[in-house]
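Undergrad: Quick one: this structure, given as structure tokens, is what I'll be asking you about.
The values are calculated or read from the model by the stated rules, or taken from the named source; none is laboratory data. Because the structure is predicted, anything quoted here is derived from the model rather than measured. All Cβ positions, even for glycine, are placed from backbone atoms using ideal geometry, and neighbour counts span all protein chains on display.
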Amino acid sequence: MYALKLNDKTARDLNWLAKRRNVAPETLAAEVIEAHIRAETQRSLEQEAVHFRRLHKRLLAEMPGEYVAIYQGDLVDHDPDMLALLQRIEERYPEEPVLIRQVGEVVEPVIHVFSPRGKHD
């Protein structure tokens, strides 16, 4: 557990919103911080995807079909076995967002998701 110091205005705003939502200020603060961390992680992975697209032609020529790990714009590891790669990446970058993608002919394959609901739902 960490103790955070908030300025007076932020503390007042947090207490006001927590009261309005009928939750403890600590619960609300944790939710807000976690949401911000998820958003930052997503932005980081989107940036790594930009780097993956930039590197794709070279990756396709050198390691087609393999899984690659992109971190801070660089290829940091690759392996035909995704689980082996994932284990190494988790060991080397335990708290960092690292993009892992398979190198294929198509840079970003289209994924079709079919709804279980009918057309008239």
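Listed here are the residues, each with its yes/no results for (1) modelled with pLDDT under 95; (2) not aromatic (Phe, Trp, Tyr).
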position: Tyr71; (1), (2): no, no
position: Val76; (1), (2): no, yes
position: Asp81; (1), (2): no, yes
position: Gln87; (1), (2): no, yes
position: Val106; (1), (2): yes, yes
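Undergrad: Hey, can you tell me all the residues within the range 55-103 that are touching a His at 6+ places or on another chain (Cβ under 9 Å) and small (Gly, Ala, Ser)?
TA: Passing the criteria: Ala69, Gly73.
Undergrad: Tell me which of these Ala11 doesn't satisfy, since it passes every other one: (1) part of a helix (DSSP H, G or I); (2) surrounded by 12 or more Cβ atoms within 10 Å (Cβ to Cβ); (3) modelled with pLDDT of 95 or more.
TA: Condition (3) is where Ala11 drops out.
Undergrad: A further question on this structure: Keeping to the range 76-87, report how many residues are touching a strand residue (DSSP E or B) at 6+ places or on another chain (Cβ under 6 Å) and farther than 12 Å from Gln102 by Cβ.
TA: Adding up the residues that qualify gives 2.
Undergrad: Here is a list of conditions, (1) among the hydrophobic types (A, V, I, L, M, F, W, C); (2) under 24 Å from the mean Cα position of the chain (by Cα); (3) surrounded by 14 or more Cβ atoms within 10 Å (Cβ to Cβ), and Ala18 meets all of them except one; can you say which number that is?
TA: Here Ala18 clears every test but (2).
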